[in-house]
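Q: Take a look at the following structure, please.
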Amino acid sequence: MRTTSAPARVPRSYLFVPASRPERIGKAIAAGADAVIVDLEDAVAPDAKAEARERLHAPWRTLQAQADSAGVALLLRVNGAESVYFAEDLAFCRHQGVQAIVLPKADNGSLAALRAVLPDVPCHALLETAAGFADLPDVARAAGVTRLLFGSIDLMFDLDVGDDDLPLHYCRSALVLHSRAAGLPPPVDGVCTAIGDAQALAADTMRGRRFGFGAKLLIHPSQVDGVHAALAPSESEVAWARRVVDQAAAAQGAAIAVDGKMVDRPVLERAQRIVAAAAR
């Protein structure tokens with residue numbers, strides 16, 4: 001289990017932007033998301049991969065500086081280790097000093113292939129295959145893995161299931177469980193494809209929050225505010241948490257009950273986390 005503490009500001013939102021459209025990356029950085037993922041994989045057609053990398057060469061360091069200035073994490077999703085594009089993607093990362101990578105179809109084999117070339121670059125592992133979930137305990141604890149991401153759409157295809165909640169619930173719980181066991185931040189939930197449907201986005205995000213996810217992948221800038229709102233504590237949660245924290249402080253270590261329920265150490269710590277989240 002990791003002993004290092006998590007960053008003070010853990011991203012709640014990761015906005016995808018195609019690597020083939022570098023003119024959009026600056027706009028994505030300014031869109032309000034906590035992190036931006038420049039996508040060389042799904043968002044770029046096979047015959048356009050090389051051109052996309054070439055178009056990123058000149059502006060990448062400027063974009064990284066823009067992201068750093070804005071307090072936005074900038075990541076690059078490379079193509080999978082099984083693809084013919086993987087080696088060139090990693091060469092680009094090494095040449096440009098890419099600070100964080102999203103590794104698709106993450107499993108023990110793909111992580112080993114990444115580390116053989118880039119042993120020190122932090123990696124967000126995207127779990128989206130049965131093989132990846134079979135390796136999940138090892139992936140979560142692998143050196144350099146800083147967060148787990150849920151590739152729900154690709155996983156549905158791999159498992160040949162739908163997502164009417166139940167089929168993927170085991171995988172959601174597994175991601176949360178192994179993130180916690182490995183000392184990682186809460187995992188990042190998959191995308192909501194219903195662009196323009198605020199209710200669907202809120203329901204999808206709140207479902208992830210109930211499972212224990214702490215962030216969400218986004219496919220459009222219009223989803224940023226809705227995701228942040230759905231991940232934030234509700235007014236009633238904040239009011240309860242403040243009552244717990246205030247009454248515990250006044251009791252000076254004595255046992256207390258709030259709203260008719262006993263408050264022990266785990267309850268107090270949960271209340272403190274909610275108050276801290278509301279302050280942020």
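Q: Using only the alpha-carbon atoms of region 225-280, report the extent along each of the three principal axes, biggest first, to the nearest angstrom.
A: 41, 20, 16
Q: Once you have the Cα-Cα distance between Ser236 and Tyr170, take 0.36 nm times their residue separation minus that, and quote the gain in nm to one decimal.
A: 20.8 nm
Q: Another question, then. What spacing in nm lies between the two simple spin-label points modelled at Ala130 and Ser222, each 7 Å away from Cα in the Cβ direction?
A: 3.7 nm
Q: Still on this model: Mind ranking 152-161, 203-212 by how tightly packed they are, going by the mean number of other C-beta atoms within 10 angstrom, highest first? Could you put the intermediate results ahead of the total?
A: Working: 152-161: 15.2, 203-212: 18.0.
Those peptides, ordered most packed to least, come out 203-212, 152-161.
Q: Here are a few candidate values for Cα extents along the principal axes in Å: (i) 64, 37, 37; (ii) 58, 52, 32; (iii) 75, 44, 28. Which one was actually calculated from the structure I just gave you?
A: After the calculation, the listed value that fits is (i).
Q: R0 = 35 Å: FRET efficiency of Asp246 with Gln199, Cβ-based, nearest 0.05?
A: Values: r = 35 Å, r/R0 = 0.99.
Calculated value: 0.50.
Q: If you don't mind, there's one more thing I want to ask. Mean-square fluctuation check for the chain, GNM, Cα pairs under 10 Å: which of Arg77, Arg53, Arg147 is largest?
A: Largest GNM mean-square fluctuation: Arg53.
Q: Can you tell me the FRET efficiency between Leu177 and Ala58 if r is taken as the Cβ-Cβ distance and R0 is 41 Å, rounded to the nearest 0.05?
A: According to the calculation, E is roughly 0.45.
Q: While we're here: So which residue, out of Lys49, Lys105, Lys27, gets the largest mean-square fluctuation from a GNM of the chain using Cα contacts under 10 Å as springs?
A: Lys27
Read-outs throughout are calculated quantities, based only on the coordinates presented, and are distinct from any laboratory measurement. A quick note: this is a predicted structure, and the numbers were derived from the prediction, not measured. Counting neighbours? That spans all protein chains shown, and the Cβs are built from the backbone with ideal geometry, glycine included.
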